[in-house]
1. In nanometres, what is the gap between the two model label sites at residue 298 and residue 286, each 7 Å from Cα along Cα-to-Cβ?
2. Per q in 0.16 1/Å, what log10 I(q)/I(0) does a Debye calculation on the alpha-carbon atoms of segment 229-289 return?
3. Contour minus end-to-end for residue 38 and residue 26, with contour as 0.36 nm per residue of separation and end-to-end as the Cα-Cα distance?
4. Considering just Cα atoms, how many Å³ per residue does the convex hull of segment 2-60 enclose?
5. So for the chain, averaging the separation of alpha carbon pairs under 8 Å that are six or more residues apart and normalising by length, what relative contact order in percent results?
6. Please report, for the Cα atoms of segment 221-339, the Rg to one decimal and the Dmax as a whole number; what are they, in angstrom?
7. Among 170, 264, what is the fewest-to-most ranking by other Cβ atoms within 10 Å?
8. Ranking 49, 201 by Cβ neighbours within 10 Å, fewest first, what do you get?
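What follows draws every value from the coordinates through simple rules; no lab data is involved. Quick caveat: nothing in here was measured; it's all calculated off a predicted structure. Cβ coordinates were reconstructed from backbone atoms using ideal geometry, including for glycine residues, and neighbour counts include every protein chain displayed.
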Ligand code: KG4
Ligand code: ZN
């Protein structure tokens, strides 16, 4: 199935053309063309994503990104067909910034009509989850998924490709949001996750004993707002300098990773998981991925993370979710897939 996927839920305008084969049992994906136009420089002066600016940029970028994808398809056409042989259009329908989402949905509707192919709506979080299948590998169920992004922090149990339940989620800030807010306090640019990770390399992770909120709460929920506030108090109480900044980043990152990994491992243990899957923008954090992989493999559990380029928002993962997940006609209103 040849899927043209569109993602505009936040600050990336992304379109991809992906060939999906071999069904749910043994799925394989060939990315023929993909383009991501990032708006990060536009939002950076504001320290976060401004929804009205995101909408304006998506409206401007969508036709340009689409043209670029079509150009790439001419050079690298889909198997057995001309550049525009598309079976369906898929679009992210939520969760995300509503003004941003609608730009993609409207663009996708028009395109699907013009091409005369079905249009399906995809849940953005499913996109992140299914990005784990973009590289061919065998993921054995039950699996526990840690989805960590700028908007969500969720633990999911998967019993099959389309069978899952939510085990827990953050009660306040998402993990990526905490990274972004801590970066902002330290005067580091948006998005803060990669900046904090870079600073943390030169710091001592044991320099400051930041709290590990809800680490032993007995459930699978998270809370990051107390950790963020602890960083703020620490900053107010102490003179800031470069070495301290690195120590704060390293200590904050370690506290966040400790909570994420401890709870994921407990979820895996209690659910008899055969695999642990990491995904979402924060999955790009090398320290997090390395720690979770180490802990999983130490107890004989298979660890999977998507190829690095598919951790942050992109349209390839939306194509994968349209093929593997609960995609349905967009006319059926915005879906709430209970994750
Ligand atoms: O999945 P994503 O692109 O967008 C949402 O769906 O939210 O995730 C973006 C989030 C941002 O909060 C960003 O700071 C965080 O992912 N992030 C990271 C890293 N790279 C991106 N957080 C920690 N370490 C990183 N290396
Ligand atoms: Zn995302």
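1. 2.1
2. Treating every Cα as an identical point scatterer, log10 I(q)/I(0) equals -0.65.
3. 1.1 nm
4. Looking at segment 2-60, the number lands at 96 Å³ per residue.
5. Relative CO of the chain lands at 23 percent.
6. Radius of gyration, then largest Cα-Cα span, for segment 221-339: 18.2, 56 Å.
7. Sorted ascending by nearby Cβ count, the order is 170, 264.
8. With the sparsest Cβ surroundings first, the list reads 201, 49.
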